[in-house]
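Visitor: Here's a structure for you.
The values are calculated or read from the model by the stated rules, or taken from the named source; none is laboratory data. What you see is a predicted model; the values in this text were computed from it and never measured. When we count neighbours, we look across all protein chains shown, and the Cβ atoms used for this are built from the backbone with ideal geometry, even at glycine.
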Amino acid sequence: MALRVHFLTAEGRQKLEKELEFLRTVRRQQVAANLRSAVDEGDLSENAGYEEAKRDQAFVEGRIRDIEAILSNAQLMEDDHNHDSVGLGTRVTVVEDGCEAETYQIVGRAEADPSRGRISNESPLGRALMGRRIGERVTVHTPGGVADFVLLAIG
């Protein structure tokens, strides 16, 4: 199976590294202490605290593995794009028919956060915009139906 490349900005890589460090050094110890405390209460078969601590432990360990996998297959995005067309790392301003213009940065899926103006290059809109130039119209098939956008600016 081929490993999937995770495109990251320098900021995104740093954020993931910081989260990983926190999970390994702080959160893991907190969960272990909660687990020990729950075990000390006795009878694990009816111990809600124990079950919650085990769920927390599974979540933390899973998140650690996810971040390690992302970082081990990360490719840093350079801001050397020519800005004549949309590429990874570029900021785009688009307008959907009948709506106000919106600005997004095209990032890898690990950093996507549409509420912060960061969309994945693998999202329907991100994929449709890749390689496009100012003034081009793109049609995007979304879960809510078909939407038409015009690319207003690349920066």
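Visitor: Of the numbered conditions (1) under 24 Å from Leu16 (Cβ atoms); (2) free of Cβ contacts under 8 Å to residues at least 12 places away in the same chain; (3) not hydroxyl-bearing (Ser, Thr, Tyr), Gly98 fails exactly one; give the number of that condition.
Guide: (1)
Visitor: Among the residues of the range 1-56, write down those that are touching a strand residue (DSSP E or B) at 6+ places or on another chain (Cβ under 8 Å) and among the β-branched types (Val, Ile, Thr).
Guide: At the first step, the residues of the range 1-56 found to be touching a strand residue (DSSP E or B) at 6+ places or on another chain (Cβ under 8 Å) are 5-10, 12-13, 16.
Selection gives Val5, Thr9.
Visitor: Could you list all residues from the range 118-128 that are within 17 Å of Met77 (Cα to Cα) and not acidic (Asp, Glu)?
Guide: Going residue by residue through the range 118-128, those that are within 17 Å of Met77 (Cα to Cα) are 118-122, 126-127.
Result: Arg118, Ile119, Ser120, Asn121, Gly126, Arg127.
Visitor: Another question, if that's okay. Got a sec? Which of Ser72, Ser115 is loosely packed, with under 15 Cβ neighbours inside 10 Å, under 23 Å from Arg13 (Cβ atoms) and in the same structural domain as Lys15 (by TED's automatic domain parsing)?
Guide: Working: Ser115 fails: in the same structural domain as Lys15 (by TED's automatic domain parsing).
When all the criteria are applied, what remains is Ser72.
Visitor: Kindly evaluate Glu78 against the criterion of being touching a residue at least 12 places away in the same chain (Cβ under 8 Å), assigned to a loop (DSSP other than H, G, I, E, B) and under 27 Å from Ala153 (Cβ atoms). Explain how you work it out, then say what you get.
Guide: Working: touching a residue at least 12 places away in the same chain (Cβ under 8 Å): no; assigned to a loop (DSSP other than H, G, I, E, B): yes; under 27 Å from Ala153 (Cβ atoms): yes.
So Glu78 does not fit the description; no.
Visitor: Follow-up. Of the residues that make up the range 128-149, is at least one touching a strand residue (DSSP E or B) at 6+ places or on another chain (Cβ under 7 Å) and touching a residue at least 60 places away in the same chain (Cβ under 8 Å)?
Guide: Taking every residue of the range 128-149 in turn, none turns out to be touching a strand residue (DSSP E or B) at 6+ places or on another chain (Cβ under 7 Å) and touching a residue at least 60 places away in the same chain (Cβ under 8 Å).
Visitor: Does at least one position in the range 138-153 carry a residue that is outside the structural domain of Lys18 (by TED's automatic domain parsing), charged (D, E, K, R) and surrounded by 12 or more Cβ atoms within 10 Å (Cβ to Cβ)?
Guide: Among the residues of the range 138-153, at least one is outside the structural domain of Lys18 (by TED's automatic domain parsing), charged (D, E, K, R) and surrounded by 12 or more Cβ atoms within 10 Å (Cβ to Cβ), which makes the answer yes.
Visitor: Being modelled with pLDDT of 90 or more and either surrounded by fewer than 14 Cβ atoms within 10 Å (Cβ to Cβ) or not in a helix (DSSP H, G or I) (or both) is the filter here; which residues of the range 37-58 pass it?
Guide: If the condition is that a residue be modelled with pLDDT of 90 or more and either surrounded by fewer than 14 Cβ atoms within 10 Å (Cβ to Cβ) or not in a helix (DSSP H, G or I) (or both), then Arg55, Ala58 are the ones that fit.
Visitor: Looking for whichever is in contact with a Phe, Trp or Tyr (Cβ under 9 Å, 6 or more places away or on another chain), within 26 Å of Ile119 (Cβ to Cβ) and small (Gly, Ala, Ser) here; the options are Ala74, Ala38. Which one fits?
Guide: Details: Ala38 fails: within 26 Å of Ile119 (Cβ to Cβ).
After ruling out the rest, the residue left standing is Ala74.
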